[in-house]
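The values are calculated or read from the model by the stated rules, or taken from the named source; none is laboratory data. What you see is a predicted model; the values in this text were computed from it and never measured. Cβ placement follows ideal geometry from the backbone for every residue including glycine, while neighbour counts extend to all protein chains displayed. Ligands, DNA and RNA are excluded from the accessible area calculation, which covers all protein heavy atoms including side chains. Shrake-Rupley method; radii C 1.70, N 1.55, O 1.52, S 1.80 Å.
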Amino acid sequence: FGHVQTRAIDKQKKPYPPLAEAAKSQHVFEKDNVTGTLIGYYSPDLYQGTTSAGFHVHFLDDDRTFGGHILAYNLTSGKVSLQTFSDFNLHLPVHDSHFVQADLNDPELDSQIKAAEH
């Protein structure tokens with residue numbers, strides 16, 4: 001990669017803040033002339049909230065010392081592979097009282113996810 005720009009948020013602690021709040025403390029990192037791997041997925045709007053709808057891509061350099069959520073990149077050469085998948089397995093922490101009692105019907109959740117991801 002000629003250039004890679006990523007972002008990452010600080011490690012979070014309980015009680016975990018909403019994603020939009022945690023994203024306010026994100027840090028942006030940039031590196032030139034780096035080798036590494038991009039990995040991501042595309043999720044249709046149907047799954048917004050379970051995932052982040054649209055493309056979601058992360059980077060990790062070969063030394064495993066630089067990476068994060070991709071903001072921008074310039075690929076100078078590389079190998080691309082794609083995998084189509086038709087199954088989606090979701091394992092929920094049903095024995096975790098915080099998860100079970102969480103209000104996931106918050107009407108602001110969609111806008112918070114979009115604000116944090118874009």
HN-Hα couplings for region 105-111 via Karplus (6.51, -1.76, 1.60; θ = phi - 60°), in whole Hz with x for Gly/Pro, come out as 9, 4, x, 7, 4, 4, 5
Computed magnitude of the charge dipole of the chain (debye, nearest 20; Cβ of K, R +1, Cβ of D, E -1): 280
In whole Hz, the Karplus estimates of ³J(HN,Hα) for region 69-74 (6.51, -1.76, 1.60; θ = phi - 60°; x where Gly or Pro) are 6, 6, 9, 7, 7, 10
Using DSSP, restrict attention to beta bridges with both residues in the chain and report what percent are antiparallel, rounded to the nearest 5. 95
So Y42 and A72, fully extended at 0.36 nm per residue minus their Cα-Cα distance, gain in nm 9.1 nm
Excluding residues fewer than 8 places away in the same chain, name every one of the lysines whose C-alpha is closer than 29 Å to that of K31. K11, K13, K79, K114
If R0 = 30 Å, then D63 and T84, at their Cβ-Cβ distance, give a FRET efficiency to the nearest 0.05 of 0.45
Amide H partners (placed H, <5 Å) of L71, local residues excluded: Q5, T6, R7
Inter-part distance where region 70-118 and region 1-69 are each reduced to a Cα centre, Å: 11
Provide the three semi-axes, in whole Å and in decreasing order, of the ellipsoid equivalent to the chain as defined by the square roots of 5 times the Cα gyration tensor eigenvalues. 29, 18, 14
Heavy-atom accessible area per residue of the chain, all protein chains kept, 1.4 Å probe, expressed in Å², is 80
